[in-house]
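The values are calculated or read from the model by the stated rules, or taken from the named source; none is laboratory data. Note that the coordinates shown come from a computational prediction; the quantities given were computed from them, not determined experimentally. Because the Cβ atoms are built from the backbone with ideal geometry, glycine has one as well, and the counts that use them run over all protein chains shown. Ligands, DNA and RNA are stripped out before the accessible areas are found, and what is left, the full protein with its side chains, is counted by its heavy atoms. Shrake-Rupley method; radii C 1.70, N 1.55, O 1.52, S 1.80 Å.
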Amino acid sequence: MATEEGKIDPMYQFEVQTILEGFSLGGQQIAFTNSAVWMLVAVAGLWVFMLGGMKRELVPGRWQMMVEGFTGFIDNMMEANIGPAGRKYAPYVFSLFMFILFSNVFGLLPVGVLGLHPFTVTSHLTVTGVLAVMSFSIVLIVGFAKHKLHFFSLFIPDGTPLPMIPFIFIVELLSFLVRPFSLALRLFVAMTAGHILLKVLAGFVINSTNAGAGYGVLVGIPSFALMIGISALELLVAVVQAYVFALLTSLYINDAENLH
């Protein structure tokens, strides 16, 4: 329960709830959940955003300029981090960046006043893990397809003394294998922590108001003001985390493409 005896559970907002019963596959129940709903909402929002900005007018409007600004931003990032070869990866990184951005921002929408419960899909390690594995799989596929076994030279920096090669190779390999976990955890932790803090502050506002006018003034008003500030900070975090995920993905692809 979200509330029990006046207490608000800050973890309730992350609970995956079944909306429609689905089907059984391999002994596992496949259902349509609130997480799936908000992923579809993010995809639909992104589709509308891109559709409205792809008019290709000679004198672009604000919407078209926004879309071109985002696409140009990712394209420039890929070329700066990978070089000319990075442009072929731009569609994937752009889709990744925009999906994470829309998912993060939609999870902050104040639709609770309308009786809806926003769900931040990037606050679930399963979702961020899948995104990280997708990016890591591209790195492995590109690395081995382009360089074959020479791809393992990525784990031996230039100038490494011969006796140190086995040790350095193991360390670099482990560091490489940890990348998808760190990529997934960074986004998951950032989004989860902020939402928990907002829910805790919301609990202070509600409970202090219910306790009386005095508590409402002393606790509720400062908590509400802090919520506004934290919400603005969370909006910034939503953008920064989407950028960091896309940036690190481009850097990892650069390692596979250029063996740096």
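For this structure, a couple of remarks:
- Heavy-atom accessible area order for Trp47, Trp38, Trp63, largest first, 1.4 Å probe: Trp47, Trp63, Trp38
- Selection from Tyr12, Val217, Leu108, by position along the positive dipole direction of the chain (Cβ): Leu108
- Measuring gaps between exposed loop sites in the chain (GluC sites (Glu not before Pro); DSSP loop; at most 14 other Cβ atoms within 10 Å), the longest gap, sites not included, is 58-260.
- For the stretch 70-146, a Kirkwood hydrodynamic radius built from all Cα pairs, placed in the Stokes-Einstein relation at 10 °C and 1.306 mPa s, yields a translational diffusion coefficient of 111 µm²/s.
- Over the chain, relative contact order from alpha-carbon pairs under 8 Å, at least 6 apart, %: 23 percent
- Fraction of accessible area attributable to carbon and sulfur, the stretch 151-242 (%, probe 1.4 Å): 81 percent
- Taking N as its residue count, the alpha carbon Rg of the chain over 2.2 N^0.38 Å: 1.24
- When Leu162, Leu259 are compared by accessible area of protein heavy atoms, the largest-first order is Leu162, Leu259, using a 1.4 Å probe.
- Per residue, the average separation of C-alpha pairs within less than 8 Å and at least 6 apart gives the stretch 38-148 a relative contact order of 23 percent.
- With all pairs of different C-alpha atoms in the average, the Kirkwood value for the hydrodynamic radius of the stretch 136-202 is 14.7 Å.
- Tensor-based shape of the stretch 47-199 (alpha-carbon gyration tensor, a/c under 1.5 rounded, otherwise prolate or oblate): oblate
- Under the Karplus curve 6.51 cos²θ - 1.76 cosθ + 1.60, θ = phi - 60°, whole-Hz ³J(HN,Hα) for the stretch 185-192, x wherever Gly or Pro sits: 5, 4, 5, 4, 5, 4, 6, 5
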